[in-house]
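The structure appears right after this line, and notes come after that.
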Amino acid sequence: MFEKPAGRKLQENPEEHKKLFKKTKDFLVAIDTDGCIVDNMNAKQMLIFHPLYMEFYQLWKIESYFREVAEFYNLFSVHRGCNRFIAIRLILMALNSRKDVQSQVEKMNVVVPNIEPVDQYIEFCRNNNSGMGNISLSQFISTRPLDFELYKLSGWSHAVNKALDVIVDKIQPFENVRECLEMIYKHADIAVVSQTPYQDLFNYWDTHDLLKYVKIICGQEMGSKTYHIEILKKIGKYSDEQVLMIGDAPGDLDAIKKNNGFFYPVTPGIENDSWKQFSEAFGLFLQGKYHVEMEQHLIDEFSKALPDTPPWQNQNYNHVVAYRKNQEIRKSLYEQFNPDGRLLIL
């Protein structure tokens with residue numbers, strides 16, 4: 001039976017939670033959640049993360065540019081699934097480096113947020129080996145209590161968490177996820193490994209009656225995905241061949257390969273097909289044949305789906321065309337979850 005740590009205990013020492021993990025099976029399967037178990041990545045970013053940031057920093061006058069850049073880094077590139085503060089850093093760097101955006105900024109009298117507080121916070125987390133989230137951000141603010149830019153950043157992050165509760169739990173898991181979890185549960189300890197806040201992860205898995213399969217949840221407060229897997233692997237004394245990561249982002253691939261384990265991709269755009277194929281891959285994994293017969297082919301196909309070069313750096317780039325590329329996704333999400341919400345249609 002999954003035991004949830006007390007909220008105060010988790011906040012005071014998130015690292016301690018992982019030490020309670022106990023091995024019960026011969027294999028360890030780490031699983032991401034957003035975009036992997038549930039088709040919520042687009043909804044979280046397009047409905048919550050991006051519009052809330054524009055609201056907090058008054059960037060609505062450059063909405064099309066902000067959404068284009070933010071969607072690239074959060075959803076449609078090799079950066080997919082990165083921590084929210086890393087994503088903000090990438091977005092601000094891109095906005096400040098684009099001449100077309102700077103032209104609009106000057107024309108519309110918009111102020112793009114200062115990137116320095118974000119850089120300093122990220123450096124603080126790296127120096128202290130702490131996960132990037134609201135807990136560590138509060139700790140960082142305590143070191144510079146009169147830096148009002150940090151309070152705004154914190155306000156946005158807390159607002160995101162509150163708004164997520166309204167939408168995310170309503171979205172069902174991908175097809176075949178439940179059947180696959182039941183299959184994994186028979187042979188492996190399951191760890192939820194994510195850069196989503198712990199409470200959001202717990203709520204989703206609990207709401208959809210998936211928590212019964214889980215041995216431990218490791219959220220953003222507890223460190224990076226690489227660190228999660230490293231600690232759990234060490235505690236359970238799993239060999240390299242006994243560890244598998246299921247994920248939808250390059251960060252998941254990077255995390256498991258740094259721990260010498262195997263990766264099964266849930267490829268963006270064909271997630272349901274990925275889960276349909278999983279039983280074959282998992283059977284090969286248990287037999288020690290996955291790496292030889294299937295893994296590299298799946299990784300190659302996965303890598304093709306997430307480009308590294310932003311569209312605005314390509315020849316013949318047209319901003320309106322680029323913005324319209326994902327317009328139907330945005331419209332569909334707003335019609336379903338926030339019909340009165342603010343959305344630019346071009």
TODO: Can you give me the ranges of the strands (runs of 3 or more DSSP E) entirely in the range 156-270 with at least 1 residues that are among the aromatic types (Phe, Trp, Tyr)?
DONE: 262-265
Open item on the list: Residue under question is residue 179, and the condition is that it be within 30 Å of residue 26 (Cα to Cα), at pLDDT below 95 and charged (D, E, K, R); does it hold?
Closed with: no
Open item on the list: Considering only the range 15-29, I want to know if a residue exists there that is modelled with pLDDT under 95, surrounded by 14 or more Cβ atoms within 10 Å (Cβ to Cβ) and within 30 Å of residue 70 (Cβ to Cβ).
Closed with: no
Open item on the list: Can you tell me which condition residue 131 does not meet? The list is (1) of a type in the set (Gly, Ala, Ser); (2) at pLDDT 95 or above; (3) crowded, with 18+ Cβ neighbours inside 10 Å, and all the others hold.
Closed with: (2)
TODO: Tell me which residues, restricted to the range 261-293, are closer than 22 Å to residue 186 by Cα and of a type in the set (A, V, I, L, M).
DONE: 266, 281, 284, 286
Task: Lone unmet requirement of (1) surrounded by fewer than 13 Cβ atoms within 10 Å (Cβ to Cβ); (2) assigned to a helix (DSSP H, G or I) for residue 315 - done: (2)
TODO: Please work out which residue is surrounded by the fewest Cβ atoms within 10 Å (Cβ to Cβ), limiting yourself to the range 296-312 and to residues that are among the polar types (S, T, N, Q) and in a helix (DSSP H, G or I).
DONE: 296
Open item on the list: Can you report the number of residues in the range 225-240 which are under 15 Å from the mean Cα position of the chain (by Cα) and either crowded, with 22+ Cβ neighbours inside 10 Å or in contact (Cβ under 8 Å) with a residue 40 or more places away in the chain (or both)?
Closed with: 2
Task: All positions within the range 293-342 that are under 30 Å from residue 165 (Cα atoms), in contact (Cβ under 8 Å) with a residue 40 or more places away in the chain and not small (Gly, Ala, Ser) - done: 302, 306, 323, 326, 329, 330, 333, 334, 337, 338, 342
Open item on the list: Please go through (1) buried (at least 23 other Cβ atoms within 10 Å of the Cβ); (2) under 27 Å from residue 126 (Cα atoms); (3) of a type in the set (A, V, I, L, M, F, W, C); (4) touching a strand residue (DSSP E or B) at 6+ places or on another chain (Cβ under 6 Å) for residue 222 and return the number of the only condition it doesn't satisfy.
Closed with: (4)
Task: Criterion (surrounded by fewer than 19 Cβ atoms within 10 Å (Cβ to Cβ), on the phi < 0 side of the Ramachandran plot, in contact with a helix residue (DSSP H, G or I) (Cβ under 8 Å, 6 or more places away or on another chain) and part of a helix (DSSP H, G or I)) met by exactly one of 114, 96 - done: 96
- [ ] Run down 162, 186 and say which single residue is over 29 Å from residue 135 (Cβ atoms) and either free of Cβ contacts under 8 Å to residues at least 24 places away in the same chain or not assigned by TED's automatic domain parsing to the domain that holds residue 285 (or both).
- [x] 186
Open item on the list: Pairs needed: first member in the range 51-78, in the same structural domain as residue 103 (by TED's automatic domain parsing); second member anywhere, of a type in the set (Gly, Ala, Ser) and assigned to a helix (DSSP H, G or I); C-beta distance under 7 Å; at least 6 residues apart or different chains.
Closed with: 52/159; 52/163; 56/155; 68/322; 69/94; 73/87; 74/87
Task: Candidates 243, 214 - the one that is surrounded by 22 or more Cβ atoms within 10 Å (Cβ to Cβ) and touching a helix residue (DSSP H, G or I) at 6+ places or on another chain (Cβ under 7 Å) - done: 243
Open item on the list: I need the full set of residues from the range 251-294 which are charged (D, E, K, R), buried (at least 18 other Cβ atoms within 10 Å of the Cβ) and out of contact with any helix residue (DSSP H, G or I) (no Cβ under 8 Å at 6 or more places or on another chain), in order please.
Closed with: 271
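The values are calculated or read from the model by the stated rules, or taken from the named source; none is laboratory data. From a predicted model like this one, the values you see are computed outputs, not experimental measurements. Cβ atoms come from the backbone with ideal geometry, glycine included; neighbour counts cover every protein chain shown.
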